[in-house]
């Protein structure tokens with residue numbers, strides 16, 4: 001089989017396609033023919049040697065990246081009773097140090113996989129797990145978002161952002177999102193109540209008394225967002241590299257802020273899939289790349305202006 005690897009940290013050109021044997025599933029695992037693997041910001045940051053995952057795999061290169069995947073079960077372990085060959089499945093796998101989703105075949109624990117509904121094609125499904133769970137856990141586990149509350153979501157048109165705005169709308173929140181002017185119509189089409197063009201307007205001047213801010217940008221944006229919160233509001237920041245400084249600034253101001261690292265949760269993933277089945281949530285795929293074109297996909301992802309998700313098609317190229 002073919003898989004993506006890098007043998008050293010660096011620019012996108014360190015990515016290469018390599019041959020590897022098809023893995024054998026363990027007793028509680030299934031073998032999946034991977035159709036799609038989603039790309040996430042953690043992928044390019046880890047490839048560059050940045051962040052917590054890179055620190056843990058630095059002495060284990062070469063390494064196959066990827067935490068998001070969707071495909072078809074082709075074999076099951078002796079103790080697996082929940083899945084059968086032919087099932088379409090998806091999941092967040094190997095997080096944070098194993099990775100491995102950017103491969104044509106993957107052995108994964110059956111308990112970590114969810115059935116893909118008919119309403120969702122496998123390419124879109126491959127881009128959903130990590131971004132969807134990040135949005136879900138940030139809004140509802142950490143942010144405790146309730147109906148009628150006001151939430152500001154930075155980078156609302158991105159991979160996590162476009163899912164987060166839809167989840168918040170389903171929950172009955174008043175949703176404000178920052179985005180470029182090019183994404184205004186896209187977000188309005190998702191139902192966002194207010195779209196702030198961050199190139200033209202200072203969101204701090206536009207927002208006040210917020211119950212929740214989902215900060216997908218970090219740094220100065222996260223710290224300035226604290227000024228938009230109500231006395232009892234909370235900010236959840238996702239980029240790990242600046243989380244500590246934002247949380248410290250919140251403490252200095254007498255406000256609440258939390259950093260967060262996503263965790264696999266198949267039950268939450270199934271809740272998200274129910275929303276997709278009902279037509280309440282859609283996964284937007286901005287680009288599909290064959291495996292040899294992974295460097296180009298990483299370059300685009302690293303630029304930071306992707307609308308929705310980028311995915312690799314593991315059965316092409």
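The values are calculated or read from the model by the stated rules, or taken from the named source; none is laboratory data. Just so it is clear, the structure is predicted and the values come from calculations on it, not from any experiment. Counting neighbours? That spans all protein chains shown, and the Cβs are built from the backbone with ideal geometry, glycine included.
Checking the structure you have, find out if any residue of the range 248-261 is out of contact with any helix residue (DSSP H, G or I) (no Cβ under 8 Å at 6 or more places or on another chain), assigned to a helix (DSSP H, G or I), under 29 Å from residue 124 (Cα atoms) and not assigned by TED's automatic domain parsing to the domain that holds residue 82. No; the residues of the range 248-261 include none that is out of contact with any helix residue (DSSP H, G or I) (no Cβ under 8 Å at 6 or more places or on another chain), assigned to a helix (DSSP H, G or I), under 29 Å from residue 124 (Cα atoms) and not assigned by TED's automatic domain parsing to the domain that holds residue 82.
Residue check: is residue 210 at pLDDT 95 or above and in contact with a strand residue (DSSP E or B) (Cβ under 9 Å, 6 or more places away or on another chain)?
Details: at pLDDT 95 or above: yes; in contact with a strand residue (DSSP E or B) (Cβ under 9 Å, 6 or more places away or on another chain): yes.
So residue 210 fits the description; yes.
Listed here are the strands (runs of 3 or more DSSP E) enclosed by the range 87-196 that have at least 2 residues being at negative phi and touching a helix residue (DSSP H, G or I) at 6+ places or on another chain (Cβ under 7 Å): 88-92, 150-153, 174-179. Among the conditions (1) closer than 25 Å to residue 239 by Cα; (2) over 20 Å from the mean Cα position of the chain (by Cα), residue 54 misses just one, which is (2).
Mind listing just one residue for me: the one in the range 199-211 that is buried (at least 17 other Cβ atoms within 10 Å of the Cβ) and without any contact (Cβ under 8 Å) to a residue 60 or more places away in the chain and, of those, nearest to residue 222 (Cα to Cα)? Can you show your working first?
Filtering the range 199-211 down to residues buried (at least 17 other Cβ atoms within 10 Å of the Cβ) leaves 203, 207, 210-211.
Filter again for without any contact (Cβ under 8 Å) to a residue 60 or more places away in the chain, leaving 203, 207.
On the way: 203: 11, 207: 14 Å.
Only one residue tops the list, namely 203.
Quick check on this structure: which one of 15, 61, 83, 50 is closer than 23 Å to residue 305 by Cβ and in contact with a strand residue (DSSP E or B) (Cβ under 8 Å, 6 or more places away or on another chain)? If you could, list the steps in order and put the result at the bottom.
On the way: 61 fails: closer than 23 Å to residue 305 by Cβ; 83 fails: closer than 23 Å to residue 305 by Cβ; 50 fails: in contact with a strand residue (DSSP E or B) (Cβ under 8 Å, 6 or more places away or on another chain).
Result of the check over 15, 61, 83, 50: 15.
Among the residues of the range 305-317, those that are under 19 Å from residue 134 (Cα atoms), part of a loop (DSSP other than H, G, I, E, B) and either without any contact (Cβ under 8 Å) to a residue 12 or more places away in the chain or in contact with a strand residue (DSSP E or B) (Cβ under 8 Å, 6 or more places away or on another chain) (or both) comprise 306, 307, 308.
Identify the single condition in (1) touching a strand residue (DSSP E or B) at 6+ places or on another chain (Cβ under 8 Å); (2) within 19 Å of residue 311 (Cβ to Cβ); (3) free of Cβ contacts under 8 Å to residues at least 40 places away in the same chain that residue 121 does not satisfy, given that it satisfies every other one. Of the numbered conditions (1) touching a strand residue (DSSP E or B) at 6+ places or on another chain (Cβ under 8 Å); (2) within 19 Å of residue 311 (Cβ to Cβ); (3) free of Cβ contacts under 8 Å to residues at least 40 places away in the same chain, the odd one out for residue 121 is (1).
One line per residue, one yes/no per condition, for (1) more than 30 Å from residue 16 (Cα to Cα); (2) under 18 Å from the mean Cα position of the chain (by Cα):
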| position | (1), (2) |
| --- | --- |
| 62 | no, no |
| 80 | yes, no |
| 95 | no, yes |
| 101 | no, yes |
| 114 | no, yes |
| 140 | yes, yes |
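Would you confirm, using the coordinates I've provided, whether residue 25 is part of a loop (DSSP other than H, G, I, E, B), crowded, with 17+ Cβ neighbours inside 10 Å, modelled with pLDDT under 95 and assigned by TED's automatic domain parsing to the domain that holds residue 299? Break it down stepwise before answering.
Details: part of a loop (DSSP other than H, G, I, E, B): yes; crowded, with 17+ Cβ neighbours inside 10 Å: yes; modelled with pLDDT under 95: no; assigned by TED's automatic domain parsing to the domain that holds residue 299: yes.
When the stated conditions are applied, residue 25 does not pass them.
When each of 225, 248 is tested for being at pLDDT 95 or above, more than 18 Å from residue 141 (Cβ to Cβ) and surrounded by fewer than 20 Cβ atoms within 10 Å (Cβ to Cβ), the lone residue that passes is 248. Quick check on the range 78-101. Is at least one of its residues touching a residue at least 60 places away in the same chain (Cβ under 8 Å), within 30 Å of residue 2 (Cβ to Cβ) and not assigned by TED's automatic domain parsing to the domain that holds residue 56? No, the conditions are met nowhere in the range 78-101.
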